[in-house]
Structure formats: C-alpha cells, structure tokens
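Worksheet: one structure, shown below.
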Amino acid sequence: MILNPKMTHIAFRCPKCGSITRGVAGSFSLASSGMLRLRCSCGRGGEMTMTGTSDDRVRITVPCLLCDKDHQFSVSQSLFFEKDLFLFHCPFTNIPIAFFGQNEEKLIRATEESTEELERIFNEFSIRFPGEEEDGEEEEIVTPDFLPDAQIHDIIRFMVKELEADGAIRCPCHGGVYEVEMTEEGVRVFCPSCGASRLFKTNSVAAAQEFLSCDSLELT
C-alpha cells in the first residue's frame, strides 16, 4: 500500500529582516504531536512553528513584525491541509503575517500583495522597511506609526482586560476592576475606586509598544 501524505504550502514574514520565508508542510510531520519549524535564512531568529495535536488540530506560533509579539493560532488539520488559501493576521493591526494553502500561486500572490501594502505604509510614514539598513548600520526594528488613536485605544483596552482577568494589574486599593479613557496626552488606565492611574502615549503604535510588552501593570 502506498501512502500519500497531505501537503500544504506555508509562508511567514520574518520580524527581523522583513522578508517572506516559504516552505511545505506534510501531514506525516505533524502526526502524533510532531512539530515543524520554518526558519528565515537571515539567521537572526525569525521562525514559525507548527505542532500537531491529538485532536487533529494544528497549533501555530508566528512571530510578528508589526507588534514584536508571538501570536498563536489553532486550526483543524482538514483546514490546514485542504483549503486553497487562508491567512493569519496580527490581531492588533489586522495585517497578514502568515500564509497557508494548497494553491501555491495564490499563496505567492497573497505574500506579494501583503509586501506591497506594508511597503506603502512604511513609505507613507517615512519608516525604513526591515532589511533596508545601510551597510555597517545595525538594523532597528520600528513599529509603523499608522494606527489612529481610536484603534490604539481599542488595543490598550483589550490588553487591560486581559491583564485584569489575569490579576496582573495592581493599585493601592486592590480594586480589581480597571478602566481606560482617552485624554489629550494619551490613553489613561485607571482604577475608578482609588484614582490610581498610568498614562500611555497614543501618537503611534510604537508609542504603545511599552504597554504591549507588559506582563503586569502598576498604577500609582
């Protein structure tokens, strides 16, 4: 008997150099909790991982160029290996960061369209695209300043509620319930009981980067 494993094309954008790395994943590799790693050839640590599960799903971890976080997704193996094309987006910016599908031409076209859109955004705000550093210059990964205040407010509110649910926000009264408000200076996270607060600038996503990387929050 000849076994024919299912195959699908995969790709992600490296957060270190900004380039697209493509590969192929097979169903045998993800069977019995098997893991696949797709690494960027730049050698600076950009890598996407895929792990099979006992309930026939694939757990995927994708590094993100846009917010400097690893995002995790889970899909059924049938979707992973049978759909023509599907994309995973950064949940904070809604821009695709990983690409999967049976149809290689559609996948390549999707990665090219994504690159064109990112380059347009970076150019509009005079931000150097990752990988474009000059000779001898150390690259600095910069989060693009393109989200309006309202969207940053939503990002911070979402993160506050996540931290609140984890008990990772502290204030003098230990109230346990926290709110977010827009001010002229930025977004203020505060305790409605004791008034303790912390302000985050909102002129850009880069300005909110400090908050996005927080595991806990202290209000004073």
For this session: Could you list, in sequence order, all residues of region 92-110 that are farther than 20 Å from THR21 by Cβ and either modelled with pLDDT under 65 or hydrophobic (A, V, I, L, M, F, W, C) (or both)?
Result: PHE92
Exercise. In region 85-114, what count of residues is obtained for those that are in contact with a Cys (Cβ under 7 Å, 6 or more places away or on another chain) and without any contact (Cβ under 8 Å) to a residue 60 or more places away in the chain?
Worked result: 1
Problem set entry | From PHE80, PHE12, residue being more than 16 Å from ILE97 (Cβ to Cβ), within 20 Å of the chain's Cα centre (by Cα) and either at pLDDT 90 or above or part of a helix (DSSP H, G or I) (or both) | PHE80
For this session: Scan region 51-71 and give yes if some residue there is among the hydrophobic types (A, V, I, L, M, F, W, C), open to solvent by 40 Å² or more (accessible area, probe 1.4 Å) and in a strand (DSSP E or B), otherwise no.
Result: no
Seminar exercise, completed: Checking PHE100, PHE86 in turn, the sole residue that is under 20 Å from ARG39 (Cβ atoms) and hydrophobic (A, V, I, L, M, F, W, C) turns out to be PHE100
Seminar exercise, completed: Taking first residues from region 59-72 that are without any contact (Cβ under 8 Å) to a residue 40 or more places away in the chain and second residues anywhere that are among the aliphatic types (A, V, I, L, M) and open to solvent by 10 Å² or more (accessible area, probe 1.4 Å), the pairs with Cβ under 9 Å that are 6 or more apart or on different chains are ARG59/VAL75; ILE60/VAL75
Exercise. Is it fair to say GLU113 is open to solvent by 10 Å² or more (accessible area, probe 1.4 Å), modelled with pLDDT under 90 and more than 16 Å from the chain's Cα centre (by Cα)?
Worked result: no
For this session: Mind counting the residues in region 181-220 that are at pLDDT 80 or above and surrounded by 15 or more Cβ atoms within 10 Å (Cβ to Cβ)?
Result: 9
Problem set entry | Per-region count, region 29-43, residues surrounded by 13 or more Cβ atoms within 10 Å (Cβ to Cβ) and modelled with pLDDT under 85 | 4
Exercise. Looking at region 143-175, which of its residues are at pLDDT below 55 and touching a helix residue (DSSP H, G or I) at 6+ places or on another chain (Cβ under 8 Å)?
Worked result: THR143, PRO144, ASP145, PHE146, LEU147
Exercise. What is the number of the single condition among (1) assigned to a loop (DSSP other than H, G, I, E, B); (2) of a type outside the set (Gly, Ala, Ser); (3) over 28 Å from ASP215 (Cβ atoms) that THR21 does not meet?
Worked result: (1)
Seminar exercise, completed: Exactly one of ALA25, ALA31, ALA11 is closer than 20 Å to GLU116 by Cα and not polar (S, T, N, Q), and that one is ALA11
For this session: State whether the residues of region 25-32 include one that is touching a residue at least 40 places away in the same chain (Cβ under 8 Å) and either part of a loop (DSSP other than H, G, I, E, B) or out of contact with any Ser or Thr (no Cβ under 8 Å at 6 or more places or on another chain) (or both).
Result: yes
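The values are calculated or read from the model by the stated rules, or taken from the named source; none is laboratory data. Remember, predicted model here, so these are calculated numbers, not experimental data. All Cβ positions, even for glycine, are placed from backbone atoms using ideal geometry, and neighbour counts span all protein chains on display. Please note that ligands, DNA and RNA were not included when accessible areas were found on the heavy atoms of the full protein model with its side chains. Shrake-Rupley method; radii C 1.70, N 1.55, O 1.52, S 1.80 Å.
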